Amino acid sequence: MKFTKDHEWVRVEGDVATVGITKHAADALGDVVFVETPEAGKTVGKGDSFAVVESVKAASDVYAPVSGEVVEGNDALATAPETVNADPEGAGWFAKIRIKDASQIDDLLDQAAYDEYLTSL
Amino acid sequence: MTDEILKTTVLNAAHRALGARMVGFGGYDMPVQYEGVLAEHRWTREHAGLFDVSHMGQCKITGPDAISQFERFVPGDYAILKAGKQKYSLLLNAEGGIMDDLMAGKPDHDGLYVVVNAGNKDADFAFLQAELVEGATLKILDDRALIAIQGPEAAEVMIRHEPVLAEFGFMDCARLMLFGVDCYISRSGYTGEDGYEISVPNADAERIWSTLLEDARVKPIGLGARDSLRLEAGLPLHGHDIDDQTSPVQGALTFALSKSRKEAANFNGADRILKELADGPDRVRVGLSVKEGAPAREGAEIADADGNVIGKVTSGGPSPTLGRNIAMGYVPPAFAELGTDLKVIVRGKAAAAEVVATPFVAQRYYRKPKA
């Protein structure tokens, strides 16, 4: 699994990246009450806001860690947004993106680098 | 993030010891949540929540002329208010705009005890200091903390400490010895639930806070749940739902205009306010039930059924009690009828909304049976 400094995680299988927000991000948000995930077919650029996650208090953007085409958004989060808190790095995934440029994966943080980044916050 | 230096309440260390997440609010470093906003919200609706609201401004206005001078800026009738009662009111500027909303009461026989909002207190106190003349004196009670206990079990908890509190009805207040010290207490709050607000000496605040938390029915509640609770109760938040441009008529707070005071028309902004009462305001605060999509928060546009923008949301979010999204905002009176179909626009998407009555969740204040 790879990570961004915006607290997204990325799991790569073949040319598809599954993306979600990290446990750290889910804990920091608190109770998630609404999630908007992108529809299949949508083209996203690295760094674009491609999903929204809302706690009781506020709405936050989720940024695409890589460029590509959305293969699938996690529709289950629309009716069960609390999954993001319960299992942020599993069932709480946001979208699967077909990776356009594999080299962007190399720019992401590995677990050790992300953990170190968290301790620096 | 800003570099603003935040003030602290005397309970700051207690919040940190409880693992609270702290945020800046009204110039203070305050707990936004302990366990989580939803759990705290639900606990308050089902049991008893304990809130540190020491950031709010407390003062006394005393002297032989205290009430008549205070009434120049507020539209409530405090002259006829009985001892042992408090009343919600509005501090009005010369244009009839709401500088702040407040609670003022007669807990003892020494003028008025007044509580104002944290973010406005410096301005409020400066205003009163400048406006009050001989015969009325402002005394800021910055030697006191303010603790609220709210929820259906709040009364049982408090009555165990002081049986006389069972005799209090909603909006009753007193100055009495509680926990061995001189307190002001009222049966009121900002959640829609039964409960009390207790003004305690700073030196005793931590002891009293901890004593109340020893009761298994009581949990600490942060500002996050305080906001969602007051939203469900339909209570406006100054600086958001009402401000110094908004009149009491626009703000749907005409209940705060006492009949005798309207007749006398002798308070700040009376001309504008009476004219709006007669002719109707240009816009009015309404409750909205958002029927689909994302929460509509402060700043979201409100549109009519045809999509024409007619107003703005001033606060909104999920209602944990109702399990749907609710909001407050301003629309022209023609769109303010209950049941009017409107839209709220969130991130460019229009979602169906309907004008509904507030409070969204029934208030459960304790009203004493009439003797």
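Structure summary
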{"quantity": "Matching residues, region B:14-42, being away from chain A (no Cβ under 14 Å) and either in contact (Cβ under 8 Å) with a residue 60 or more places away in the chain or in a loop (DSSP other than H, G, I, E, B) (or both)", "calculated": "B:ALA14, B:HIS15, B:LEU18, B:GLY26, B:GLY27, B:TYR28"}
{"quantity": "Some residue of region B:121-128 being part of a loop (DSSP other than H, G, I, E, B) and either on the phi < 0 side of the Ramachandran plot or in the same structural domain as B:LEU50 (by TED's automatic domain parsing) (or both)", "calculated": "no"}
{"quantity": "Filtered residues of region A:48-86 (kept if β-branched (Val, Ile, Thr), farther than 17 Å from B:VAL37 by Cβ and within 14 Å of another protein chain (Cβ to nearest Cβ))", "calculated": "A:VAL52, A:VAL62, A:THR79"}
{"quantity": "Which listed residue is within 14 Å of chain A (Cβ to nearest Cβ) and closer than 29 Å to A:ALA58 by Cβ, from B:ALA350, B:ALA252, B:ALA300", "calculated": "B:ALA300"}
{"quantity": "Subset tally (residues that are within 24 Å of the chain's Cα centre (by Cα), surrounded by 13 or more Cβ atoms within 10 Å (Cβ to Cβ) and within 25 Å of A:ALA58 (Cβ to Cβ)) for region B:303-347", "calculated": "19"}
{"quantity": "Enumeration of residues in region A:21-32 that are outside any helix (DSSP H, G or I), surrounded by fewer than 23 Cβ atoms within 10 Å (Cβ to Cβ) and within 12 Å of chain B (Cβ to nearest Cβ)", "calculated": "A:GLY30"}
{"quantity": "Test for B:GLU276: is it among the charged types (D, E, K, R), more than 22 Å from the chain's Cα centre (by Cα) and within 14 Å of chain A (Cβ to nearest Cβ)", "calculated": "no"}
{"quantity": "Residues of region A:65-75 satisfying the condition of being among the aliphatic types (A, V, I, L, M) and under 14 Å from A:VAL12 (Cβ atoms)", "calculated": "A:VAL66, A:VAL71"}
{"quantity": "Qualifying residue in region B:38-48 (condition: closer than 22 Å to B:CYS183 by Cα and in contact with a strand residue (DSSP E or B) (Cβ under 7 Å, 6 or more places away or on another chain))", "calculated": "yes"}
{"quantity": "Selection count, region B:263-287, where residues are in a helix (DSSP H, G or I) and buried (at least 17 other Cβ atoms within 10 Å of the Cβ)", "calculated": "4"}
{"quantity": "Hey, B:VAL157 surrounded by 20 or more Cβ atoms within 10 Å (Cβ to Cβ), at pLDDT 95 or above, closer than 30 Å to B:SER319 by Cα and over 21 Å from the mean Cα position of the chain (by Cα) or not", "calculated": "yes"}
{"quantity": "Number of the exception - B:LYS87 against (1) within 14 Å of chain A (Cβ to nearest Cβ); (2) surrounded by fewer than 22 Cβ atoms within 10 Å (Cβ to Cβ)", "calculated": "(1)"}
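The values are calculated or read from the model by the stated rules, or taken from the named source; none is laboratory data. Just so you know, these numbers come straight off a predicted model, no measurement behind them. Every residue, glycine among them, receives a Cβ derived from its backbone with ideal geometry; neighbour counts consider all protein chains shown.
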